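Data first, discussion second: the structure below is written as structure tokens.
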Amino acid sequence: TTATPLRVIDTSESWEWWGRCWGYVLAGAGLTENDRLFVPFSFGPFIGFWAAVEGAKGIKALMIPGGGRDSLQRLHLMKELGATAMCCTPTYALRLAEVARDSGFDLCEIPLKTLIHAGEPGANIPATKARIESVWNTKCYDHAGASEVGAHSFECEIQPNGTHAIESEFIVEVLNPETLEPVPAGEQGELVITNLGRIGYPVIRYRSGDLVRLNPESCECGRTFVRFEGGVLGRSDDMVVVRGINVFPSAVENLVRQCEAVEEFRITVSTEREMAHLTIDLEISKNADEETSRHTVDQAIQNELSLRPEIKVVPSGTLPRFEMKAKRFHVEK
Ligand SMILES: [Zn+2]
């Protein structure tokens, strides 16, 4: 996301392969030909949504395109067309729920039973997953992939149990990022991946930058694919060191979201007098008490990360909202 964008040509075989991989993702979430999958975005160059459509075709589910509309119009469309599943970022699922609440739209009027999340961590962050499942009263499933590699892993119905790697379409290795030696099962390392079916753009032993822990034990769902415990745990380039402590954005998000009053947040790591400093801006719900919310988040961060962040409660609606990948973690150089 920082260098020159890659230009990739997918052949028709590669395109079919993307659809096959997404078929695993959708079937893993329990979708069948009886489902109606809502995709709430306009389709740009990001391949994930196109591949989701191919996957829906593969499992014979109906696909409803939700692009070119605002959030409230999308909610009404889902209700009118009886969407049973939606694929979006965890951030957008929470955003839609917020729009519904503010507009007096009752989410129960949508017969949704499944949310499939991609594009960013969230469905594998326990507090975020719990919040999404609670506001939507539905189950959410994690999925991970990367445009340069393919859609490589998905969550099955046995939760929380991590994500299955699609081993029929990928070779996955978990290596120590420094020595490039394999790490033992259960230990965290970098996911190195080879895709087997993308004829137009094969990658061989690609260093994904994603940190995972391999679990080779069999899963109760009956699938024999290995699992990544807890999904993708973070990215090696996401980690920042604050006062000698390794901090991953997903770990901070999990702690912040445990405070039910928090509606949106922003984390900033800045450097003051050569020392890294953690600031957290919180937007809290209207009836919540500022001091209690601040204290709850402060205690959670101190207990789990041994850090003393500066926490500010900001007025409702001042922090940015996101539809695609959220940017809530900022490092000031
Ligand atoms: Zn399973």
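The values are calculated or read from the model by the stated rules, or taken from the named source; none is laboratory data. Small disclaimer: the values here were computed from a predicted structure and weren't measured. So basically every Cβ, Gly included, is an ideal-geometry build from the backbone, and we count neighbours across all protein chains shown.
When Asn195 is tested against the conditions (1) within 14 Å of the ligand (Cβ to nearest atom); (2) crowded, with 18+ Cβ neighbours inside 10 Å; (3) more than 20 Å from the chain's Cα centre (by Cα); (4) of a type outside the set (A, V, I, L, M), the lone failure is (1). Scan region 198-225 for residues that are within 16 Å of the ligand (Cβ to nearest atom) and either among the small types (Gly, Ala, Ser) or farther than 17 Å from Asn124 by Cα (or both) and report the count. Residues in region 198-225 being within 16 Å of the ligand (Cβ to nearest atom) and either among the small types (Gly, Ala, Ser) or farther than 17 Å from Asn124 by Cα (or both): 10 in total. Here the condition is being in the same structural domain as Gly200 (by TED's automatic domain parsing), modelled with pLDDT of 95 or more, buried (at least 24 other Cβ atoms within 10 Å of the Cβ) and more than 16 Å from the ligand (Cβ to nearest atom); of Ile166, Ile110, Ile116, it holds for Ile110 alone.
For region 91-107, taking the residues that are in contact (Cβ under 8 Å) with a residue 60 or more places away in the chain and either over 22 Å from Leu62 (Cα atoms) or not assigned by TED's automatic domain parsing to the domain that holds Gln159 (or both), the one that is surrounded by the most Cβ atoms within 10 Å (Cβ to Cβ) is identified as Thr91. Here Asn124 passes the criteria (1) surrounded by 18 or more Cβ atoms within 10 Å (Cβ to Cβ); (2) at pLDDT 95 or above; (3) within 16 Å of the ligand (Cβ to nearest atom) except the one numbered (2). Exactly one residue out of Val247, Val192, Val226, Val242 is in contact (Cβ under 8 Å) with a residue 60 or more places away in the chain, of a type in the set (A, V, I, L, M) and under 25 Å from Glu16 (Cα atoms), and it is Val226.
A quick yes/no check of all residues on (1) modelled with pLDDT under 90; (2) surrounded by fewer than 16 Cβ atoms within 10 Å (Cβ to Cβ):
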| position | (1), (2) |
| --- | --- |
| Ile204 | no, yes |
| Leu214 | no, no |
| Ser218 | no, yes |
| Arg227 | no, no |
| Gly231 | no, no |
| Gly244 | yes, yes |
| Glu253 | no, no |
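How many residues does region 132-162 contain that are assigned to a helix (DSSP H, G or I) and either within 15 Å of the ligand (Cβ to nearest atom) or among the acidic types (Asp, Glu) (or both)?
The total comes to 1.
Working only within region 226-244, note down all residues that are under 23 Å from Gly119 (Cβ atoms), away from the ligand (no atom under 16 Å from the Cβ) and not in a strand (DSSP E or B). Of everything in region 226-244, those that are under 23 Å from Gly119 (Cβ atoms), away from the ligand (no atom under 16 Å from the Cβ) and not in a strand (DSSP E or B) turn out to be Val232, Leu233, Ser236, Asp237, Asp238, Met239. In this structure, does Asp238 turn out to be farther than 23 Å from Glu98 by Cβ and touching a strand residue (DSSP E or B) at 6+ places or on another chain (Cβ under 8 Å)? Answer is yes for this residue. Among the conditions (1) more than 24 Å from Trp15 (Cα to Cα); (2) surrounded by 16 or more Cβ atoms within 10 Å (Cβ to Cβ); (3) away from the ligand (no atom under 16 Å from the Cβ), Gly186 misses just one, which is (2).
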